[in-house]
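Engineer: Please read through the structure below; I'll follow up with questions.
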Amino acid sequence: MAGDILVGQLLLSATQQLNTLSESPRLDAEVLLAHCLHKNRTWLVTWPDKKLSNDQLLCFQTCLQRRIDGEPVAHITGTREFWSLPINVNQHTLIPRADTELLVEQVVSSYPQNTASGTATETTSDTAKDIDIDSTISLADLGTGSGAIALAIATERPDWNIIATDRSSEALNMARENASQLKLQNIEFRHGNWFEPLADLTFDIIVSNPPYIAAGDPHLCQGDVRFEPTSALVSGDSGLEDIRYIVAHAKAFLKPRGRLYIEHGYDQQAQVLDIFMTNGFGSIKQHLDLANNPRLTSGLKP
């Protein structure tokens, strides 16, 4: 009977069932149960002896079976936290990864809040000093998907002008929904592939987390990526076609001293560095993700 099942007992049982199926069985169980109870995970830890109703138990059993069948937790709950923001996702968008927060972190730290206020401080980075401090910073997010990157930056820098593009109208609809839910009004969403919707505009900053997995990569048949859109994951036989395209065309859409940020695969550091150098970018920087793997490259337009 549901009335005899306690939160702590259910979490223990679910964790054991997911133990060989997930890299984070306890976390998965907690997120799914919190979703069904409309509580946060802290509540679960605080009240392990609370009893479940029949409806709550049925919800959890259904969600748990979907996870056992391999479906991503984010698709089951419809949301994933990114930069401490609740980001809605679906089958048309990538699930935001923690490693992608590195891109947001580098942009925010390189362009402090007061960069465009006319009162630059001693903490202003060399990158930010290249910006006209009397103007509003403009940023383009290419292939925005759920909008996670643009939304996180817009939250941190509400005075910036941000344009986010994507060739998937379904993904853009989700990004717009997320922006509305977060009450962000400094982002404009445009439909089209990479730079196509940007016409003759130029930006201080261009960011992108493009597809960078090679076609035929065995990881495409494993884990959560099986449920994500292939078009947002795969980029030709090498995994580098979209990165090459973006870097080759970015300078035409960057202002003088504007910077391009690209997320890439952990094993693509050398190739991406060469692509940036070949296309004439300077002050190239490469950064490590949470697992100390090369994950982000940026370069400055001369």
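Where a number appears in this text, it was derived from the coordinates with a stated rule and is not lab data. Note that this is a predicted model, so its numbers are computed, not measured. Positions of Cβ are generated from backbone atoms using ideal geometry, with glycine treated the same way; all protein chains shown enter the neighbour counts.
Engineer: If you average 1/r over all unlike Cα pairs in the chain and invert the result, what Kirkwood radius do you get in angstrom? Walk me through the numbers on the way to the answer.
Structural biologist: Details: mean 1/r = 0.0483 Å⁻¹.
Here the Kirkwood hydrodynamic radius works out to 20.7 Å.
Engineer: Mind checking the angle between helix 54-68 and the chain's longest principal axis? C-alpha axes, 0 to 90 degrees, to the nearest 10.
Structural biologist: Relative to the chain, helix 54-68 is tipped by roughly 60 degrees.
Engineer: Run the helix sum for the chain: -39,500 (n - 2.57) per DSSP H stretch of 4+ residues, divided by residue count, reported at 222 nm to the nearest 500 deg cm²/dmol.
Structural biologist: Roughly -10500 deg cm²/dmol at 222 nm, from the helical runs in the chain.
Engineer: Taking Cα atoms, how many degrees apart are the long axis of helix 101-110 and the longest axis of the chain, rounded to 10 and kept between 0 and 90?
Structural biologist: Taking the Cα atoms of the chain, the angle to 101-110 is about 40 degrees.
Engineer: Let me ask something additional. In sequence order, what are the phi-derived ³J(HN,Hα) couplings for segment 86-92 according to the Karplus relation 6.51 cos²θ - 1.76 cosθ + 1.60 with θ = phi - 60°, rounded to whole Hz, with x for glycine and proline?
Structural biologist: Residue by residue, segment 86-92 yields x, 10, 6, 9, 8, 5, 8 Hz.
Engineer: Still on this structure, I have one more. Treating cross-link reach as a plain straight distance, find the lysines whose alpha-carbon is under 27 Å from the alpha-carbon of LYS255, omitting any fewer than eight places away in the same chain.
Structural biologist: Within reach: LYS129, LYS285, LYS301.
Engineer: Taking the Cα-to-Cβ direction at HIS38 and at GLN91 and moving 7 Å from each Cα, how far apart do the two end points lie in nm?
Structural biologist: 2.8
Engineer: Next question, about the same structure. Could you give the spread of the C-alpha atoms of segment 2-70 along their three principal axes, from largest to smallest, in whole angstroms?
Structural biologist: Taking the Cα atoms of segment 2-70, the three principal extents are 27, 21, 19 Å.
Engineer: Summing Lys, Arg as +1 and Asp, Glu as -1, what charge do residues with Cβ under 12 Å from the Cβ of ALA291 carry, ALA291 excluded? Mind dumping the intermediate values first?
Structural biologist: Working: positive: ARG97, ARG295; negative: ASP99, ASP289.
Cβ neighbours under 12 Å give a net charge of 0.
Engineer: Name the residue, out of ALA164, ALA34, ALA199, whose mean-square fluctuation peaks in a Gaussian network model built on the chain with Cα pairs under 10 Å.
Structural biologist: It is ALA199.
Engineer: Additional query: If r is the Cβ-Cβ distance from THR62 to ASP274 and R0 is 45 Å, what FRET efficiency results, to the nearest 0.05?
Structural biologist: Working from the Cβ atoms, E equals 0.40.
Engineer: Give me the net charge of THR100's neighbourhood, meaning all other residues with Cβ under 9 Å from the Cβ of THR100; Lys, Arg count +1, Asp, Glu -1.
Structural biologist: So the surrounding residues net to -2.
Engineer: Next up: Given a Förster distance of 22 Å, report the FRET efficiency between HIS249 and ARG167 from their Cβ-Cβ distance, rounded to the nearest 0.05. Don't skip to the answer; put the middle values down first.
Structural biologist: Values: r = 15 Å, r/R0 = 0.67.
With a Förster radius of 22 Å, E is 0.90.
Engineer: Pick from THR42, THR155, THR15: which is most flexible by mean-square fluctuation in a GNM of the chain where alpha carbon atoms under 10 Å apart are linked?
Structural biologist: THR42
Engineer: While we're on this one: Please check which bits of segment 258-282 a label hung off LEU288 would reach, taking the label as a point 7 Å along Cα-to-C-beta and the cut-off as backbone N under 17 Å.
Structural biologist: Answer for this model: 264-270.
Engineer: Check which residues have an amide H placed less than 5 Å from SER238's amide H, if you skip close sequence neighbours.
Structural biologist: Amide H to amide H, under 5 Å and 5 or more residues apart or across chains, SER238 pairs with ALA215.
Engineer: For ILE284, list long-range residues whose amide hydrogen, built 1.01 Å from N in the peptide plane, is under 5 Å from its own amide hydrogen.
Structural biologist: LEU300
Engineer: What residues qualify as long-range amide H neighbours of ASP289, i.e. H under 5 Å apart, gap of 5 or more or another chain, H built at 1.01 Å from N?
Structural biologist: It is ARG295, by chain and number.
Engineer: Please compute the length gained on full extension between GLU156 and SER84, using 0.36 nm multiplied by the number of residues separating them and subtracting their Cα-Cα distance. Show your work: numbers first, answer last.
Structural biologist: Details: separation 72, 0.36 × 72 = 25.92 nm, distance 1.15 nm.
Difference between extended and current length: 24.8 nm.
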